[in-house]
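Working notes, structure below.
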């Protein structure tokens, strides 16, 4: 049976987001929205608004983010937002969340930008608050960075949304995955790097007494795909094409399939892809028709 594949949406599509998704969404099991408010002077769409619109627009699809920036929202308020979206959507939300990294956004919008270690500590506390808010009331939590006291979250989500933590920092971030995540969203570059990160995660799981096998692993890759090498070169030469970067698989359907099957063989339970020619739908159609049946 084919592995579930989610579609990641580029933040700069903005008003082109849903005309594109309308054309390509059918074969994908989930939609992974971005979460930026500012990015190098480019137009970007706000992530939570995208997700709520998508939940209403695409019945039957799981919807969440890759990933929410923890710093952008009060964690108790995020818990309430997620609970409401879960109730209205019939249980189709997942909460993808990370520690944040783009200092430009913090400075522009007036958010403090502490060290990576502090941001990861804040992420860990936020996840604990989410779970406390969703599991009972009144909920209280006293942490180093956040505090809630007698907080109610009704209706409580049923089921509680899976929490996907995105990232691969070995000392602190993967510790948060081991302690708190249901899903692990990892930018996939190659099998060797993935195996190394898995070994680090396994050690963190041992240290905290977590069953490593409980964590759903979700390799995430950019994809540039064309029928043959000639068409692939033409695609690379297009001025409106996003250039490949780290974590991008470039190739024919056969080559892309081979790379993604390596990720699955290494332990990927689900996949997430973003197509570099979006909002043009041709690459996404080709991927869905020629790659997904073989995963």
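Laboratory data are not the source of any read-out in this text; all were calculated from the coordinates shown. Bear in mind the structure is a predicted one, so any value in this text is a computation, not a measurement. Methodologically, a virtual Cβ is constructed for each residue, glycine included, from the backbone with ideal geometry; neighbour enumeration extends over all protein chains shown.
So here's what we get for this one:
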read-out: Percent of C-alpha pairs per 5 Å bin, the stretch 197-292, short to long; value: 2, 13, 21, 21, 13, 9, 8, 7, 4, 2, 0
read-out: Within the stretch 90-249, percent of DSSP bridges classed antiparallel, to nearest 5; value: 20 percent
read-out: In degrees, nearest ten, helix 116-135 long axis to first principal axis of the chain (Cα); value: 70 degrees
read-out: Rounded to 10°, Cα long-axis angle of helix 253-265 versus longest principal axis of the chain; value: 30 degrees
read-out: For the stretch 137-295: relative contact order, % (alpha-carbon pairs under 8 angstrom, 6 or more apart); value: 19 percent
read-out: Antiparallel bridges, percent of DSSP beta bridges restricted to the stretch 1-137 (to nearest 5); value: 10 percent
read-out: Principal-axis tilt of helix 47-57 within the chain, Cα atoms, nearest 10 degrees; value: 70 degrees
read-out: Cα shape, the stretch 1-124, gyration tensor, a/c 1.5 rule; value: prolate
read-out: Ascending count of other beta-carbon atoms within 10 Å, so fewest first, for 163, 225, 129; value: 163, 129, 225
read-out: Sorted peptide list for 235-244, 118-127, 132-141, 93-102, criterion being average Cβ within 10 angstrom, highest first; value: 93-102, 118-127, 132-141, 235-244
read-out: Of 86, 217, 266, the one that fluctuates the most in a GNM where the chain has Cα springs shorter than 10 Å; value: 266
read-out: Gap separating the Cα centres of the stretch 182-242 and the stretch 63-119, nearest whole Å; value: 22 Å
read-out: Footprinting exposure proxy for 84, 257 (fewest neighbouring C-beta atoms within 10 Å first); value: 84, 257
read-out: Approximate spin-label separation residue 142-residue 199, in nm, with each point projected 7 Å along Cα-to-Cβ; value: 4.3 nm
read-out: DSSP bridge pairs, the stretch 5-294: antiparallel proportion in percent, nearest 5; value: 10 percent
read-out: Rel. contact order, % - alpha carbon contacts under 8 angstrom, at least six apart, the chain; value: 18 percent
